[in-house]
1. For the stretch 300-379, report the accessible area per residue in Å² (1.4 Å probe, heavy atoms, rounded to an integer).
2. Using 0.36 nm times the number of residues separating ASP341 and ALA75, minus their current alpha carbon distance, what extension gain do you get?
3. Sort the following peptides by mean Cβ neighbour count (other Cβ atoms within 10 Å, averaged over residues), highest first: 131-143, 104-116.
4. Students often get this wrong, so check it: of LYS236/LYS257; LYS438/LYS463; LYS114/LYS257, which have C-alpha atoms separated by over 32 Å?
5. With all protein chains present, calculate the accessible area of TYR277 using a 1.4 Å probe and round the result to the nearest 10 Å².
6. Carbon-plus-sulfur fraction of the accessible area of the stretch 89-178, 1.4 Å probe, in percent?
7. So who's got an amide H within less than 5 Å of the one on ALA141, skipping anything under 5 residues away but keeping other chains? H placed 1.01 Å off N, in plane.
8. If you take the beta carbon distance between ASP297 and MET185 as r and set R0 to 51 Å, what does 1/(1 + (r/R0)^6) give as a FRET efficiency, to the nearest 0.05?
Amino acid sequence: TAPIGPASRFCIPQEVQRAQGSVREMGNCVAGICGGSSTPPIKDVVTGNVQGYNFTPAEAPEPVPAAPAPVPEPAPAPAPPPEPEEPPKPVPTEPIVLETMQGDWVNSVGAKIKVTGTEVSLNGMVMKVHPVTLNEDGTVASIGRIWQMKGWQAEDQIEFKEAPSREVMEFARSVIWTRATEKRMDEWTAQMSALGYSGSSRDVMSRGIEGCCPGTSDAKASVRVDDADRDKAELKLLNDLIEQYRLPGMANIPPRKVIPDFSNRGHTGLSVEHVHYLATSFKEKGFLKRKNNNGHDIPVLVKQPVSSELGKKSIENWRSKVRDEKGFPPSEHYERLFKQDEVYTSLGNGHFNQALNLFFCESDSIYKAQKYTVGADKDLQEAVYKGVGAIVLRPEIELRERETISRLLNSKREFKWSVNADGSLHIMDAAEDTTQCKQFEALSKVLDAVELNCLVRSELGVKESHRIGQ
(Lines give C-alpha, C1' and ligand atoms only; values in the text may rest on other atoms or scores of the structure.)
Protein backbone atom coordinates (compact mmCIF):
# COMPACT_ATOMS: atom_id res chain seq x y z
CA THR A 1 0.00 0.00 0.00
CA ALA A 2 1.29 3.41 -0.92
CA PRO A 3 2.20 5.70 1.98
CA ILE A 4 -0.40 8.22 2.92
CA GLY A 5 0.84 11.79 2.93
CA PRO A 6 -0.60 14.73 4.79
CA ALA A 7 -2.77 15.76 1.91
CA SER A 8 -4.06 12.27 1.17
CA ARG A 9 -5.93 12.17 4.49
CA PHE A 10 -8.63 14.12 2.78
CA CYS A 11 -8.57 12.10 -0.52
CA ILE A 12 -10.04 8.87 -1.81
CA PRO A 13 -7.47 5.99 -1.32
CA GLN A 14 -5.35 4.83 -4.25
CA GLU A 15 -7.02 1.40 -4.38
CA VAL A 16 -10.29 3.07 -5.09
CA GLN A 17 -8.63 5.23 -7.70
CA ARG A 18 -7.41 2.05 -9.49
CA ALA A 19 -10.87 0.59 -9.26
CA GLN A 20 -12.15 3.69 -10.95
CA GLY A 21 -9.35 3.49 -13.48
CA SER A 22 -8.51 7.17 -13.45
CA VAL A 23 -5.29 8.61 -11.93
CA ARG A 24 -6.17 11.93 -13.47
CA GLU A 25 -9.34 12.18 -11.47
CA MET A 26 -7.33 11.48 -8.31
CA GLY A 27 -5.06 14.41 -9.09
CA ASN A 28 -8.01 16.66 -9.63
CA CYS A 29 -9.45 15.59 -6.29
CA VAL A 30 -6.16 16.26 -4.47
CA ALA A 31 -5.77 19.59 -6.16
CA GLY A 32 -9.30 20.63 -5.25
CA ILE A 33 -8.91 19.78 -1.59
CA CYS A 34 -5.37 21.01 -1.12
CA GLY A 35 -5.88 24.50 -2.33
CA GLY A 36 -6.86 24.35 -5.97
CA SER A 37 -8.63 27.33 -7.37
CA SER A 38 -11.63 25.34 -8.48
CA THR A 39 -13.34 22.08 -7.70
CA PRO A 40 -14.01 20.10 -10.87
CA PRO A 41 -17.01 17.87 -10.82
CA ILE A 42 -16.41 14.21 -10.05
CA LYS A 43 -17.96 12.00 -12.67
CA ASP A 44 -19.20 8.44 -12.41
CA VAL A 45 -18.93 8.24 -8.67
CA VAL A 46 -19.36 4.66 -7.49
CA THR A 47 -19.31 2.98 -4.18
CA GLY A 48 -16.06 1.42 -3.08
CA ASN A 49 -15.65 -2.00 -1.55
CA VAL A 50 -11.97 -2.69 -0.89
CA GLN A 51 -10.56 -4.55 2.09
CA GLY A 52 -10.52 -2.13 4.99
CA TYR A 53 -12.55 0.52 3.17
CA ASN A 54 -16.28 0.38 2.81
CA PHE A 55 -18.13 3.57 2.19
CA THR A 56 -20.95 5.20 0.37
CA PRO A 57 -20.60 8.85 -0.57
CA ALA A 58 -23.08 11.02 1.28
CA GLU A 59 -25.99 12.10 -0.79
CA ALA A 60 -26.67 15.79 -1.08
CA PRO A 61 -29.58 16.75 1.17
CA GLU A 62 -32.79 17.42 -0.54
CA PRO A 63 -33.72 21.09 -0.48
CA VAL A 64 -36.24 21.92 2.24
CA PRO A 65 -39.21 23.69 0.76
CA ALA A 66 -39.71 27.14 2.13
CA ALA A 67 -42.57 27.55 4.59
CA PRO A 68 -45.57 29.15 3.03
CA ALA A 69 -46.12 32.76 3.91
CA PRO A 70 -48.66 33.12 6.73
CA VAL A 71 -52.09 34.04 5.63
CA PRO A 72 -52.96 37.37 7.25
CA GLU A 73 -55.91 37.11 9.63
CA PRO A 74 -58.83 39.29 8.80
CA ALA A 75 -58.95 42.48 10.83
CA PRO A 76 -61.35 42.15 13.81
CA ALA A 77 -64.62 43.84 13.44
CA PRO A 78 -64.72 47.13 15.29
CA ALA A 79 -66.37 46.87 18.72
CA PRO A 80 -69.77 48.45 18.89
CA PRO A 81 -69.73 51.76 20.71
CA PRO A 82 -70.66 51.36 24.41
CA GLU A 83 -74.18 52.13 25.27
CA PRO A 84 -74.41 55.45 27.03
CA GLU A 85 -74.85 55.02 30.78
CA GLU A 86 -78.22 55.98 32.07
CA PRO A 87 -77.79 59.19 34.03
CA PRO A 88 -78.46 58.77 37.76
CA LYS A 89 -81.98 59.56 38.71
CA PRO A 90 -82.50 62.38 41.18
CA VAL A 91 -83.16 61.46 44.78
CA PRO A 92 -86.91 61.60 45.41
CA THR A 93 -88.13 64.54 47.42
CA GLU A 94 -91.73 63.55 48.16
CA PRO A 95 -92.58 62.75 51.79
CA ILE A 96 -92.24 59.12 52.91
CA VAL A 97 -95.69 58.16 54.13
CA LEU A 98 -97.28 54.87 55.14
CA GLU A 99 -98.35 54.13 51.56
CA THR A 100 -94.72 54.48 50.41
CA MET A 101 -93.62 51.67 52.74
CA GLN A 102 -96.12 49.06 51.56
CA GLY A 103 -94.79 45.91 49.90
CA ASP A 104 -91.54 43.92 49.87
CA TRP A 105 -88.07 45.23 50.73
CA VAL A 106 -84.55 43.93 51.29
CA ASN A 107 -82.26 45.71 53.71
CA SER A 108 -78.49 46.13 53.68
CA VAL A 109 -77.86 43.61 56.45
CA GLY A 110 -79.52 40.76 54.58
CA ALA A 111 -83.12 40.71 55.81
CA LYS A 112 -86.28 40.33 53.73
CA ILE A 113 -88.98 42.70 54.92
CA LYS A 114 -92.68 42.97 54.13
CA VAL A 115 -94.86 45.89 55.18
CA THR A 116 -98.62 45.46 55.28
CA GLY A 117 -100.41 48.45 56.74
CA THR A 118 -98.43 49.28 59.86
CA GLU A 119 -97.41 45.63 60.38
CA VAL A 120 -93.77 44.77 59.61
CA SER A 121 -92.51 41.22 58.97
CA LEU A 122 -88.81 40.35 59.15
CA ASN A 123 -87.97 37.13 57.26
CA GLY A 124 -91.57 36.02 57.61
CA MET A 125 -91.85 36.77 61.35
CA VAL A 126 -94.23 39.55 62.33
CA MET A 127 -92.57 42.07 64.68
CA LYS A 128 -95.62 42.83 66.76
CA VAL A 129 -93.91 45.33 69.06
CA HIS A 130 -92.15 47.16 66.20
CA PRO A 131 -94.82 48.48 63.79
CA VAL A 132 -94.48 51.46 61.48
CA THR A 133 -94.92 54.61 63.58
CA LEU A 134 -95.98 57.93 62.11
CA ASN A 135 -95.41 61.58 62.89
CA GLU A 136 -98.35 63.93 63.40
CA ASP A 137 -98.18 65.00 59.74
CA GLY A 138 -98.52 61.39 58.54
CA THR A 139 -94.89 60.86 57.54
CA VAL A 140 -93.04 57.75 58.71
CA ALA A 141 -91.09 58.25 61.95
CA SER A 142 -89.63 54.80 62.63
CA ILE A 143 -90.00 51.05 62.59
CA GLY A 144 -90.79 50.58 66.25
CA ARG A 145 -87.66 51.10 68.36
CA ILE A 146 -85.31 49.40 65.91
CA TRP A 147 -84.92 51.78 62.96
CA GLN A 148 -85.41 55.54 62.87
CA MET A 149 -86.35 57.12 59.53
CA LYS A 150 -83.58 59.23 57.94
CA GLY A 151 -84.94 59.77 54.42
CA TRP A 152 -84.50 58.91 50.77
CA GLN A 153 -81.09 57.53 49.77
CA ALA A 154 -81.87 57.02 46.07
CA GLU A 155 -84.79 55.96 43.96
CA ASP A 156 -86.42 52.97 45.70
CA GLN A 157 -83.88 53.19 48.55
CA ILE A 158 -84.65 54.53 52.03
CA GLU A 159 -82.09 55.12 54.79
CA PHE A 160 -82.86 54.26 58.40
CA LYS A 161 -80.68 54.71 61.49
CA GLU A 162 -80.33 51.69 63.77
CA ALA A 163 -81.25 53.35 67.05
CA PRO A 164 -84.01 53.09 69.68
CA SER A 165 -85.00 56.78 69.44
CA ARG A 166 -84.41 59.87 67.34
CA GLU A 167 -82.46 61.51 70.15
CA VAL A 168 -79.61 58.99 69.79
CA MET A 169 -79.73 58.26 66.05
CA GLU A 170 -77.10 60.77 64.90
CA PHE A 171 -74.07 58.47 65.16
CA ALA A 172 -75.90 55.16 64.75
CA ARG A 173 -75.30 52.76 61.87
CA SER A 174 -77.21 53.32 58.63
CA VAL A 175 -79.41 50.51 57.31
CA ILE A 176 -80.64 50.87 53.73
CA TRP A 177 -83.99 49.44 52.59
CA THR A 178 -84.20 48.68 48.87
CA ARG A 179 -87.44 47.96 47.05
CA ALA A 180 -87.50 44.20 46.25
CA THR A 181 -87.43 43.70 42.47
CA GLU A 182 -86.96 40.33 40.75
CA LYS A 183 -83.30 41.13 40.02
CA ARG A 184 -82.65 42.27 43.57
CA MET A 185 -84.23 39.11 45.00
CA ASP A 186 -82.01 36.94 42.76
CA GLU A 187 -78.98 38.79 44.14
CA TRP A 188 -80.28 38.36 47.69
CA THR A 189 -80.81 34.60 47.21
CA ALA A 190 -77.26 34.20 45.86
CA GLN A 191 -75.84 36.19 48.79
CA MET A 192 -77.73 34.14 51.38
CA SER A 193 -76.65 30.89 49.72
CA ALA A 194 -73.00 31.99 49.86
CA LEU A 195 -73.43 32.74 53.57
CA GLY A 196 -74.74 29.25 54.28
CA TYR A 197 -78.49 29.84 54.13
CA SER A 198 -79.19 27.03 51.68
CA GLY A 199 -80.27 23.42 51.87
CA SER A 200 -81.88 22.70 55.23
CA SER A 201 -81.05 26.23 56.36
CA ARG A 202 -83.38 27.82 53.83
CA ASP A 203 -86.36 27.43 56.18
CA VAL A 204 -85.07 29.99 58.64
CA MET A 205 -88.12 29.85 60.89
CA SER A 206 -87.52 26.20 61.81
CA ARG A 207 -83.89 26.61 62.87
CA GLY A 208 -84.79 26.39 66.55
CA ILE A 209 -82.47 29.19 67.69
CA GLU A 210 -83.88 32.69 67.85
CA GLY A 211 -81.64 35.06 65.93
CA CYS A 212 -80.52 32.65 63.19
CA CYS A 213 -82.64 34.31 60.50
CA PRO A 214 -80.73 36.18 57.79
CA GLY A 215 -80.45 39.80 58.79
CA THR A 216 -80.83 39.21 62.55
CA SER A 217 -77.11 38.83 63.20
CA ASP A 218 -75.82 41.02 60.40
CA ALA A 219 -75.48 38.88 57.28
CA LYS A 220 -73.33 41.61 55.78
CA ALA A 221 -70.56 40.88 58.28
CA SER A 222 -67.30 39.45 57.00
CA VAL A 223 -65.25 36.58 58.38
CA ARG A 224 -61.89 37.59 59.77
CA VAL A 225 -58.99 35.17 60.25
CA ASP A 226 -56.38 35.25 62.96
CA ASP A 227 -53.71 37.85 62.26
CA ALA A 228 -50.94 38.34 64.83
CA ASP A 229 -49.85 41.65 63.31
CA ARG A 230 -53.37 43.03 63.44
CA ASP A 231 -53.73 41.89 67.05
CA LYS A 232 -50.51 43.69 67.99
CA ALA A 233 -51.59 46.86 66.20
CA GLU A 234 -55.01 46.88 67.88
CA LEU A 235 -53.56 46.15 71.32
CA LYS A 236 -51.15 49.05 70.84
CA LEU A 237 -54.01 51.32 69.80
CA LEU A 238 -56.01 50.31 72.91
CA ASN A 239 -52.97 50.84 75.13
CA ASP A 240 -52.17 54.26 73.63
CA LEU A 241 -55.74 55.58 73.90
CA ILE A 242 -56.13 54.55 77.53
CA GLU A 243 -52.71 55.92 78.46
CA GLN A 244 -53.48 59.18 76.69
CA TYR A 245 -56.68 59.90 78.63
CA ARG A 246 -56.49 57.98 81.92
CA LEU A 247 -56.42 59.70 85.28
CA PRO A 248 -53.57 58.65 87.61
CA GLY A 249 -54.02 55.51 89.65
CA MET A 250 -56.98 53.19 90.03
CA ALA A 251 -60.27 54.27 91.64
CA ASN A 252 -63.07 52.37 93.34
CA ILE A 253 -66.27 53.78 91.80
CA PRO A 254 -69.59 52.69 93.37
CA PRO A 255 -71.87 51.14 90.72
CA ARG A 256 -74.71 53.53 91.67
CA LYS A 257 -72.68 56.32 90.01
CA VAL A 258 -72.23 54.45 86.71
CA ILE A 259 -74.36 54.41 83.56
CA PRO A 260 -73.48 53.14 80.05
CA ASP A 261 -71.59 55.56 77.82
CA PHE A 262 -73.44 56.90 74.77
CA SER A 263 -70.97 55.01 72.54
CA ASN A 264 -71.57 51.63 74.19
CA ARG A 265 -72.41 48.71 71.85
CA GLY A 266 -73.26 50.85 68.83
CA HIS A 267 -75.52 53.16 70.90
CA THR A 268 -77.87 50.25 71.71
CA GLY A 269 -76.99 50.37 75.41
CA LEU A 270 -77.08 47.22 77.52
CA SER A 271 -78.88 43.90 77.30
CA VAL A 272 -81.32 43.61 80.24
CA GLU A 273 -81.21 39.82 79.87
CA HIS A 274 -77.43 39.77 80.28
CA VAL A 275 -77.56 42.10 83.29
CA HIS A 276 -79.90 39.65 85.03
CA TYR A 277 -77.82 36.68 83.86
CA LEU A 278 -74.79 38.13 85.69
CA ALA A 279 -76.81 39.08 88.78
CA THR A 280 -78.22 35.54 88.97
CA SER A 281 -74.70 34.15 88.76
CA PHE A 282 -73.51 36.44 91.60
CA LYS A 283 -76.42 35.29 93.77
CA GLU A 284 -76.19 31.56 93.10
CA LYS A 285 -72.42 31.08 92.75
CA GLY A 286 -71.14 33.95 94.89
CA PHE A 287 -69.21 37.04 93.83
CA LEU A 288 -65.63 36.29 92.72
CA LYS A 289 -63.41 39.18 93.74
CA ARG A 290 -60.55 40.07 91.39
CA LYS A 291 -57.21 38.98 92.85
CA ASN A 292 -53.73 39.06 91.28
CA ASN A 293 -55.19 40.13 87.94
CA ASN A 294 -57.53 37.14 87.90
CA GLY A 295 -61.32 37.36 88.08
CA HIS A 296 -63.80 39.81 86.60
CA ASP A 297 -62.76 42.30 83.91
CA ILE A 298 -61.55 45.76 84.93
CA PRO A 299 -64.17 48.47 84.35
CA VAL A 300 -63.07 51.33 82.09
CA LEU A 301 -65.06 54.48 82.90
CA VAL A 302 -65.20 58.12 81.80
CA LYS A 303 -65.61 60.81 84.44
CA GLN A 304 -68.29 62.87 82.68
CA PRO A 305 -69.88 66.20 83.71
CA VAL A 306 -73.66 65.95 83.39
CA SER A 307 -73.70 69.36 81.65
CA SER A 308 -71.35 68.24 78.82
CA GLU A 309 -72.68 67.25 75.40
CA LEU A 310 -71.74 63.57 75.72
CA GLY A 311 -72.90 63.61 79.34
CA LYS A 312 -76.35 64.78 78.25
CA LYS A 313 -76.51 62.21 75.42
CA SER A 314 -75.49 59.37 77.73
CA ILE A 315 -78.11 60.39 80.29
CA GLU A 316 -80.93 60.73 77.74
CA ASN A 317 -80.03 57.46 76.05
CA TRP A 318 -80.00 55.55 79.34
CA ARG A 319 -83.08 57.35 80.67
CA SER A 320 -85.08 56.18 77.61
CA LYS A 321 -83.83 52.59 78.03
CA VAL A 322 -84.78 52.46 81.71
CA ARG A 323 -88.19 54.00 81.00
CA ASP A 324 -89.02 51.41 78.35
CA GLU A 325 -87.43 48.37 80.02
CA LYS A 326 -88.66 47.67 83.54
CA GLY A 327 -86.07 44.95 84.09
CA PHE A 328 -83.36 47.52 84.84
CA PRO A 329 -83.09 49.21 88.25
CA PRO A 330 -85.89 51.79 88.66
CA SER A 331 -85.66 55.29 87.19
CA GLU A 332 -85.64 56.86 90.66
CA HIS A 333 -82.29 55.23 91.31
CA TYR A 334 -80.70 57.03 88.34
CA GLU A 335 -82.57 60.31 88.63
CA ARG A 336 -80.83 60.93 91.97
CA LEU A 337 -77.53 60.46 90.15
CA PHE A 338 -78.48 62.80 87.28
CA LYS A 339 -78.95 65.66 89.75
CA GLN A 340 -75.28 65.54 90.71
CA ASP A 341 -72.46 67.37 88.90
CA GLU A 342 -70.91 64.32 87.28
CA VAL A 343 -71.55 60.70 86.36
CA TYR A 344 -69.25 57.86 85.33
CA THR A 345 -70.02 56.34 81.95
CA SER A 346 -68.83 52.80 81.18
CA LEU A 347 -66.89 51.84 78.06
CA GLY A 348 -66.18 48.34 79.37
CA ASN A 349 -67.89 46.08 81.94
CA GLY A 350 -71.17 48.02 81.77
CA HIS A 351 -73.36 44.94 82.36
CA PHE A 352 -71.25 44.12 85.42
CA ASN A 353 -71.98 47.48 87.10
CA GLN A 354 -75.72 47.38 86.39
CA ALA A 355 -75.93 43.82 87.72
CA LEU A 356 -74.48 45.15 90.98
CA ASN A 357 -77.08 47.95 90.93
CA LEU A 358 -79.83 45.30 90.93
CA PHE A 359 -78.51 44.25 94.36
CA PHE A 360 -78.24 47.88 95.54
CA CYS A 361 -81.92 48.42 94.68
CA GLU A 362 -82.95 44.87 95.69
CA SER A 363 -84.71 44.55 92.35
CA ASP A 364 -86.84 41.57 91.28
CA SER A 365 -85.41 38.89 89.02
CA ILE A 366 -86.94 38.62 85.56
CA TYR A 367 -86.38 34.85 85.62
CA LYS A 368 -87.49 33.76 89.09
CA ALA A 369 -89.79 34.95 91.84
CA GLN A 370 -86.96 36.31 93.96
CA LYS A 371 -85.19 39.56 94.83
CA TYR A 372 -81.50 40.24 94.49
CA THR A 373 -80.19 40.64 98.06
CA VAL A 374 -76.56 40.75 99.17
CA GLY A 375 -76.98 38.39 102.10
CA ALA A 376 -73.77 37.25 103.82
CA ASP A 377 -71.49 37.57 100.77
CA LYS A 378 -68.90 40.11 101.99
CA ASP A 379 -67.14 40.38 98.62
CA LEU A 380 -70.46 41.11 96.93
CA GLN A 381 -71.34 43.66 99.61
CA GLU A 382 -68.03 45.48 99.06
CA ALA A 383 -68.54 45.52 95.28
CA VAL A 384 -72.12 46.82 95.56
CA TYR A 385 -71.51 49.64 98.05
CA LYS A 386 -67.86 50.59 97.46
CA GLY A 387 -67.24 49.46 93.92
CA VAL A 388 -64.28 47.67 92.37
CA GLY A 389 -60.99 49.04 91.06
CA ALA A 390 -61.52 50.82 87.73
CA ILE A 391 -59.57 52.76 85.12
CA VAL A 392 -61.01 56.28 84.86
CA LEU A 393 -60.56 58.43 81.75
CA ARG A 394 -60.80 62.19 81.35
CA PRO A 395 -63.97 63.59 79.72
CA GLU A 396 -62.00 65.15 76.82
CA ILE A 397 -61.90 61.80 75.03
CA GLU A 398 -63.81 62.05 71.73
CA LEU A 399 -66.80 59.91 70.78
CA ARG A 400 -64.96 57.95 68.07
CA GLU A 401 -62.13 57.16 70.47
CA ARG A 402 -64.65 55.95 73.04
CA GLU A 403 -66.21 53.68 70.41
CA THR A 404 -62.76 52.30 69.57
CA ILE A 405 -61.93 51.53 73.20
CA SER A 406 -65.34 49.95 73.81
CA ARG A 407 -64.98 47.77 70.71
CA LEU A 408 -61.42 46.66 71.46
CA LEU A 409 -62.13 45.88 75.11
CA ASN A 410 -64.68 43.34 73.90
CA SER A 411 -63.02 42.01 70.74
CA LYS A 412 -59.66 41.45 72.50
CA ARG A 413 -61.19 39.59 75.44
CA GLU A 414 -58.75 36.66 74.96
CA PHE A 415 -55.74 38.88 75.79
CA LYS A 416 -55.48 38.94 79.58
CA TRP A 417 -53.83 42.27 80.29
CA SER A 418 -53.10 43.60 83.76
CA VAL A 419 -52.98 46.94 85.58
CA ASN A 420 -50.55 48.16 88.23
CA ALA A 421 -51.67 49.96 91.38
CA ASP A 422 -50.73 53.31 89.79
CA GLY A 423 -53.03 52.60 86.83
CA SER A 424 -50.25 51.86 84.33
CA LEU A 425 -51.11 49.11 81.89
CA HIS A 426 -49.57 45.92 80.57
CA ILE A 427 -51.57 45.55 77.37
CA MET A 428 -48.78 45.30 74.79
CA ASP A 429 -47.21 42.26 76.43
CA ALA A 430 -50.54 40.59 77.28
CA ALA A 431 -50.53 36.85 76.66
CA GLU A 432 -53.27 35.40 74.51
CA ASP A 433 -55.48 32.91 76.30
CA THR A 434 -55.84 30.04 73.81
CA THR A 435 -57.78 27.75 76.12
CA GLN A 436 -61.28 26.80 75.07
CA CYS A 437 -64.03 29.28 75.77
CA LYS A 438 -67.79 28.80 75.71
CA GLN A 439 -69.34 30.15 72.55
CA PHE A 440 -71.81 32.04 74.73
CA GLU A 441 -69.01 33.97 76.44
CA ALA A 442 -67.25 34.80 73.17
CA LEU A 443 -70.44 35.99 71.44
CA SER A 444 -71.57 38.02 74.46
CA LYS A 445 -68.58 40.32 73.94
CA VAL A 446 -69.42 41.39 70.39
CA LEU A 447 -73.21 41.45 70.01
CA ASP A 448 -75.32 44.55 70.42
CA ALA A 449 -77.98 44.76 73.13
CA VAL A 450 -80.84 43.34 71.02
CA GLU A 451 -78.79 40.40 69.75
CA LEU A 452 -77.40 39.73 73.22
CA ASN A 453 -80.93 39.46 74.65
CA CYS A 454 -81.61 36.69 72.12
CA LEU A 455 -78.36 34.93 72.98
CA VAL A 456 -79.08 34.88 76.74
CA ARG A 457 -82.57 33.49 76.19
CA SER A 458 -81.10 30.75 74.04
CA GLU A 459 -78.46 29.96 76.69
CA LEU A 460 -81.06 29.76 79.47
CA GLY A 461 -83.70 28.00 77.38
CA VAL A 462 -86.27 30.77 77.84
CA LYS A 463 -89.22 30.07 75.54
CA GLU A 464 -91.86 32.38 76.98
CA SER A 465 -91.04 36.07 77.40
CA HIS A 466 -92.62 39.34 76.33
CA ARG A 467 -89.12 40.36 75.17
CA ILE A 468 -89.03 37.75 72.39
CA GLY A 469 -89.26 39.58 69.08
CA GLN A 470 -88.05 42.86 70.54
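1. Details: 3610 Å² over 80 residues.
Per residue, the stretch 300-379 has an accessible area of 45 Å².
2. Details: separation 266, 0.36 × 266 = 95.76 nm, distance 8.30 nm.
Contour length minus the Cα-Cα distance gives 87.5 nm.
3. Numbers: 131-143: 15.2, 104-116: 18.8.
Final packing ranking: 104-116, 131-143.
4. Values: LYS236/LYS257 30 Å; LYS438/LYS463 21 Å; LYS114/LYS257 43 Å.
Violating the 32 Å limit, Cα to Cα: LYS114/LYS257.
5. TYR277 exposes around 60 Å² with every protein chain in place.
6. Details: 2220 of 4290 Å².
Accessible surface attributable to carbon and sulfur in the stretch 89-178 totals 52 percent.
7. Those lying under 5 Å, H to H, from ALA141 are THR133, LEU134, ASN135.
8. 0.70
The values are calculated or read from the model by the stated rules, or taken from the named source; none is laboratory data. The structure presented is a predicted model; accordingly, all values stated were derived computationally and were not measured. No Cβ is skipped: glycine too gets one built from the backbone with ideal geometry, and neighbour counts run over all protein chains shown. Only protein heavy atoms, including side chains, enter the accessible area calculation; ligands, DNA and RNA are left aside. Shrake-Rupley method; radii C 1.70, N 1.55, O 1.52, S 1.80 Å.
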